[in-house]
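The values are calculated or read from the model by the stated rules, or taken from the named source; none is laboratory data. Note that the structure is a prediction, hence the values are computed from the model and not measured. Virtual Cβ from ideal backbone geometry, glycine too; neighbours counted across all protein chains shown. The area values use the complete protein model at the heavy-atom level, side chains included, leaving out ligands, DNA and RNA. Shrake-Rupley method; radii C 1.70, N 1.55, O 1.52, S 1.80 Å.
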Amino acid sequence: MPPNAFASAQLSIDLDAIAANWRALAARLKAGAHTGAVVKADAYGLGLAAVAPALHNAGCREFFTASLDEGIELRALLPDCRISVFFGPQPGEAEDFSRHRLTPLLTDLGQIELWHTHTSRGAAENPILQIDTGMSRLGLPPEEVARLVAEPERLAGLDIAFVMSHLACAEQPEHPMNEAQLSEFKAALGSLAPVLGAAESSLANSSGIFLGPEFHFDLSRPGAALYGLNPTPKKTNPMSEVVRLQGKILQVRHVDPPRSVGYGASHYVTRPSQIATVPVGYADGYLRSASNQATNQACGYIEGVPAPVVGRVSMDMITLDVTEIPPEHAQPGTPVDLIGGPHPVDSLAAEAGTIGYEILTSLGRRYRRAYIENGRERVGAP
Ligand SMILES: *Cc1c(COP(=O)(O)O)cnc(C)c1O
């Protein structure tokens with residue numbers, strides 16, 4: 001029996017759409033630039049073991065994970081591509097990077113020294129140098145870049161595969177940070193050029209690709225857009241939809257005023273109402289912050305008709321006001337679209353006061369999962 005065989009809610013993940021999104025992003029790039037794929041956090045919650053091979057089949061040969069563990073898991077799936085690990089090597093990890101042929105990011109002078117020592121002991125993967133141009137987390141800030149330029153022996157014997165940086169505000173094209181980071185990145189590349197020779201470079205995440213060709217450099221690193229999130233939030237989503245979540249009504253109940261619905265009695269019906277219970281809750285990634293929003297209220301959709309979430313989202317269930325829907329169209333077993341179609345991930349995220357990234361990576365483990373590949377649906381684990 002597949003996992004969660006009796007689950008009434010189904011999470012469908014369209015691998016064909018992920019492959020199409022990867023190709024569409026690749027086609028947007030300036031001539032000579034290519035694109036990788038970011039598959040950290042279990043491919044944004046969608047299942048690394050299914051998503052990574054689908055991207056590989058689409059032609060992707062450049063993958064990024066956040067952690068060493070994720071890199072090792074991915075190497076077992078994909079023997080012949082570059083896998084780069086954002087966190088870079090911590091003390092004691094260099095051997096494991098090499099054993100699994102994982103490419104480290106070097107994100108500060110300490111990691112450069114660590115990899116330098118490791119490389120001097122034998123063959124090692126060519127590392128990636130990360131520059132910080134405005135995130136103030138990983139990467140060399142300008143003063144450390146200056147130090148590298150002044151002390152090039154720190155890089156002696158290291159063949160840097162490429163130099164990268166990460167954008168802070170790419171989904172806001174009008175934000176001045178974009179130009180500021182672009183020029184700081186170019187300045188860093190310029191000052192490092194005599195030390196590094198002909199290294200490639202990488203700046204854009206999903207939204208960065210849409211900022212224009214001067215952000216493309218040699219390699220882009222999209223994640224979110226591959227999985228159907230809108231990289232251009234103020235414009236129509238150019239990506240294909242990937243995720244669909246469909247629940248089913250468990251029970252419908254008539255409620256007369258002045259009764260309340262759910263924990264905290266936070267919602268009182270103001271008219272004779274039909275309240276439908278759907279067994280999907282915050283333990284499944286339907287965030288509690290989507291409860292009782294006064295504006296931009298979260299809804300389930302029944303045959304395209306919105307039914308607002310009333311009362312608090314609980315661990316296992318939500319309650320929908322289906323009073324406006326004819327009873328024969330809202331009864332136990334009736335499908336309810338929670339994500340997808342009229343209500344994409346980004347919409348649920350807005351209703352819950354967050355971003356699509358958090359919705360995707362929170363999707364729970366209790367759904368029946370279906371993967372769509374080559375037009376066929378396969379139910380089961382990734
Ligand atoms: C997560 C991440 C990406 C991908 O960003 P998206 O906005 O999902 O496209 C790219 N680069 C780095 C360094 C990241 O951490």
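Listed values, structure above:
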quantity	calculated
Condition check for Ser201: among the hydroxyl-bearing types (Ser, Thr, Tyr), open to solvent by less than 20 Å² (accessible area, probe 1.4 Å) and either on the phi > 0 side of the Ramachandran plot or in the same structural domain as Ala187 (by TED's automatic domain parsing) (or both)	yes
Matching residues in region 136-160 - criterion: being in contact (Cβ under 8 Å) with a residue 40 or more places away in the chain and of a type in the set (Lys, Arg)	Arg154
Any strands (runs of 3 or more DSSP E) falling wholly within region 162-260 and containing at least 3 residues that are of a type outside the set (Val, Ile, Thr)	200-202, 243-248, 251-255
Conditions (1) assigned by TED's automatic domain parsing to the domain that holds Thr354; (2) crowded, with 17+ Cβ neighbours inside 10 Å; number of the one not met by Leu219	(1)
Out of Ala37, Ala24, sole residue that is more than 25 Å from Tyr367 (Cβ to Cβ) and within 14 Å of the ligand (Cβ to nearest atom)	Ala24
Every residue from region 213-269 that is among the aliphatic types (A, V, I, L, M) and touching an Asp or Glu at 6+ places or on another chain (Cβ under 8 Å)	Leu219, Leu229, Val242, Val243, Leu245, Val269
Residue in region 338-346 that is in contact (Cβ under 8 Å) with a residue 60 or more places away in the chain and over 30 Å from the mean Cα position of the chain (by Cα) present	no
Residue list for region 19-42, filter: open to solvent by 70 Å² or more (accessible area, probe 1.4 Å), in contact (Cβ under 8 Å) with a residue 24 or more places away in the chain and in a loop (DSSP other than H, G, I, E, B)	Lys30, Gly32
Close pairs from region 184-197: first in the same structural domain as Phe217 (by TED's automatic domain parsing) and touching a residue at least 12 places away in the same chain (Cβ under 8 Å), partner surrounded by fewer than 14 Cβ atoms within 10 Å (Cβ to Cβ) and part of a helix (DSSP H, G or I), Cβ under 6 Å, at least 6 apart	Val195/Pro152
Any pair with Cβ under 8 angstrom, 6 or more apart, that starts in region 162-183 at a residue that is within 9 Å of Leu203 (Cβ to Cβ) and in the same structural domain as Gly223 (by TED's automatic domain parsing) and ends at one that is among the small types (Gly, Ala, Ser) and away from the ligand (no atom under 14 Å from the Cβ)	Ser165/Ala188
Those residues of region 222-241 which are open to solvent by 10 Å² or more (accessible area, probe 1.4 Å), within 13 Å of the ligand (Cβ to nearest atom) and of a type outside the set (Gly, Ala, Ser), in sequence order	Asn230, Thr232, Pro233, Met239
Filtered residues of region 76-99 (kept if open to solvent by 20 Å² or more (accessible area, probe 1.4 Å), in contact with a strand residue (DSSP E or B) (Cβ under 9 Å, 6 or more places away or on another chain) and closer than 18 Å to Ala37 by Cβ)	Arg82, Phe86, Phe87
Any hit, region 185-194, residues being farther than 18 Å from Lys30 by Cβ and within 16 Å of the ligand (Cβ to nearest atom)	yes
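Quick grid of which residues meet (1) modelled with pLDDT under 95; (2) in contact with a strand residue (DSSP E or B) (Cβ under 8 Å, 6 or more places away or on another chain); (3) outside any strand (DSSP E or B); (4) open to solvent by 10 Å² or more (accessible area, probe 1.4 Å):
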site	(1), (2), (3), (4)
Ala294	yes, no, yes, yes
Gln297	yes, yes, yes, yes
Pro308	no, yes, no, yes
Thr319	no, yes, no, yes
Thr323	no, yes, yes, yes
Gly333	no, yes, yes, yes
Glu358	no, no, yes, yes
Thr361	no, no, yes, yes
Tyr371	no, yes, no, no
